[in-house]
Amino acid sequence: MYTLNKDIKALNTFGLPCITTAFFSFTSEEDLITFIKSGKTKTTRVLVLGGGSNILFTKDFEGLIIHPATAGMSVEHLTTEHAIVKVSAGVIWDDFVEWSVNQGFGGIENLSFIPGLAGASPVQNIGAYGSEAKDTLLKVRCISLEDGSVIELTAADCRPGYRDSIFKRELRDKVVVTTIWYRLSRKPSLNTSYPDVASECTALGGITLQNVRQAIIKIRRRKLPDPSEIGNAGSFFKNPVISSARFSEFLKEHPDMPGYSLPDGTFKIAAGWLIDRCGWKGKRVGDAGVHPNQALVLVNYGNATGNEIISLAEGIKKSVKEMFSVDILPEVEII
């Protein structure tokens, strides 16, 4: 479907009013290829927009937005150890997680209840509670915006990083992800390394695949606001990564600072904790605010503009820098 001057307020979870000059949604890869070959993607700025759960619009979008509206997920291959599953980019991510867990396939259960569409999972390398999309990603198929050609990338080709991938760098605005394959486990090793997850599983009766999913859903519902009730994009900032030596220094002055060791010897520290310590948790400036239950989440209480949310974010960044000499960077893409 191709249309002009479309209001995409319903396609961004901050709930910000935004008009895009042109909008195209596709229900099949063939439709997308035909559209690209028509030449409409060559004369304007193009933005691929899924569920809009990681984006902040500051003004109307002067260009073309492409939205995947494809459906379908299936098992392509089974072994005694693994299941190769295929998911279309337009599938709601948590629907895919729920389906996989119900099949008994493990590996993405810790990514339960993350908003957005499956197509964003390799782009953002989504992660939560000790797991990331890259841990089970097998390959990605995408379509070139230049000529409509099909490109397939292995997980390594995607070069995933912390909320990062080739799609946010060399292939930014050059391809549209249409299909993703994941290698899931039929004999999963469940990750309950986060204390909250372990305690919730105990309350649910033990550590099982279903209970890990339910535990994480309960935690996320408790800590994070529902975008259908209050506009937000989840975690607004990335958790900063610092050296082991610097983390040790921090602990001398702040022994309760949470930190998680990474394989390379560095430590990821909690941006939400830093923001909370700077006094921002629950603070409201007009209709832009910091959520009272989770300092990492910026919210739109109704009529905030994108620029008002950015102004709030800049104030938070400045405070954290002044108090801790740490730079925090936005996880949300600002348009």
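For every residue, the table says whether it meets (1) outside the structural domain of ASN303 (by TED's automatic domain parsing); (2) within 25 Å of the chain's Cα centre (by Cα); (3) closer than 26 Å to VAL150 by Cβ; (4) polar (S, T, N, Q).
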{"position": "PHE14", "(1), (2), (3), (4)": "yes, yes, no, no"}
{"position": "ILE33", "(1), (2), (3), (4)": "yes, no, yes, no"}
{"position": "THR43", "(1), (2), (3), (4)": "yes, no, yes, yes"}
{"position": "LEU47", "(1), (2), (3), (4)": "yes, yes, yes, no"}
{"position": "GLY51", "(1), (2), (3), (4)": "yes, yes, yes, no"}
{"position": "ASP60", "(1), (2), (3), (4)": "yes, yes, no, no"}
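Just wondering, is there one or more residues in segment 272-286 that are within 16 Å of LEU111 (Cα to Cα), outside any helix (DSSP H, G or I) and of a type in the set (A, V, I, L, M, F, W, C)? Break it down into steps so the answer makes sense when it comes.
Taking segment 272-286 first, the residues within 16 Å of LEU111 (Cα to Cα) are none.
No, segment 272-286 has no match at all.
Within segment 217-265, can you find the residues that are touching a Pro at 6+ places or on another chain (Cβ under 7 Å) and at pLDDT 90 or above? Talk me through it step by step, then tell me what you get.
Going through segment 217-265, the residues touching a Pro at 6+ places or on another chain (Cβ under 7 Å) turn out to be 227, 232, 234, 236-237.
Selection gives ASN232, PHE236, PHE237.
For segment 92-146, enumerate the residues that are among the small types (Gly, Ala, Ser), at pLDDT 95 or above, over 14 Å from the mean Cα position of the chain (by Cα) and not in a strand (DSSP E or B). The answer is SER100, GLY104, GLY107. As for segment 302-310, it holds at least one residue that is among the hydrophobic types (A, V, I, L, M, F, W, C), modelled with pLDDT of 95 or more and part of a helix (DSSP H, G or I). Might you check whether a residue that is under 16 Å from LEU16 (Cβ atoms), in contact with a Phe, Trp or Tyr (Cβ under 6 Å, 6 or more places away or on another chain) and in a strand (DSSP E or B) occurs anywhere in segment 59-71? Looking for residues that are under 16 Å from LEU16 (Cβ atoms), in contact with a Phe, Trp or Tyr (Cβ under 6 Å, 6 or more places away or on another chain) and in a strand (DSSP E or B), one finds at least one in segment 59-71, hence yes. Scanning segment 179-195 for residues that are farther than 18 Å from ASN125 by Cβ and in contact (Cβ under 8 Å) with a residue 24 or more places away in the chain yields SER185, ARG186, LYS187, PRO188, SER189, LEU190, SER193, TYR194. Within segment 80-88, the presence of at least one residue that is within 22 Å of THR13 (Cβ to Cβ), of a type in the set (Gly, Ala, Ser), modelled with pLDDT of 95 or more and surrounded by 15 or more Cβ atoms within 10 Å (Cβ to Cβ) is confirmed. Scan segment 288-335 for residues that are within 21 Å of the chain's Cα centre (by Cα), among the polar types (S, T, N, Q) and surrounded by 13 or more Cβ atoms within 10 Å (Cβ to Cβ) and the total you get is 2. For GLU76, the stated conditions hold: it is of a type in the set (Asp, Glu) and farther than 22 Å from ILE8 by Cα. Yes or no: ILE180 assigned by TED's automatic domain parsing to the domain that holds GLY119, over 17 Å from the mean Cα position of the chain (by Cα) and crowded, with 18+ Cβ neighbours inside 10 Å? No, not satisfied.
Answer yes if at least one residue in segment 42-52 is outside any strand (DSSP E or B), touching a Ser or Thr at 6+ places or on another chain (Cβ under 6 Å), surrounded by 22 or more Cβ atoms within 10 Å (Cβ to Cβ) and of a type in the set (Gly, Ala, Ser), and no otherwise.
Residues of segment 42-52 outside any strand (DSSP E or B): 42-45, 49-52.
Checking the rest, the ones that are also touching a Ser or Thr at 6+ places or on another chain (Cβ under 6 Å) come to 52.
Narrowing further to those that are surrounded by 22 or more Cβ atoms within 10 Å (Cβ to Cβ): 52.
Going one step further and asking which of them are of a type in the set (Gly, Ala, Ser), we end up with 52.
The answer is yes, given that some residue of segment 42-52 is outside any strand (DSSP E or B), touching a Ser or Thr at 6+ places or on another chain (Cβ under 6 Å), surrounded by 22 or more Cβ atoms within 10 Å (Cβ to Cβ) and of a type in the set (Gly, Ala, Ser).
Number of residues in segment 159-184 that are in a strand (DSSP E or B) and more than 26 Å from PRO240 (Cα to Cα): the value is 10.
Residues in segment 197-218 that are over 24 Å from ALA83 (Cα atoms) and touching a residue at least 60 places away in the same chain (Cβ under 8 Å): VAL197 alone.
Does HIS77 satisfy the condition of being outside any loop (DSSP other than H, G, I, E, B), under 30 Å from GLY106 (Cα atoms) and without any contact (Cβ under 8 Å) to a residue 40 or more places away in the chain? So HIS77 fits the description; yes.
The values are calculated or read from the model by the stated rules, or taken from the named source; none is laboratory data. All values derive from a computational prediction rather than experimental measurement. Here Cβ is always computed from backbone atoms with ideal geometry, including for glycine, and neighbour counts include all displayed protein chains.
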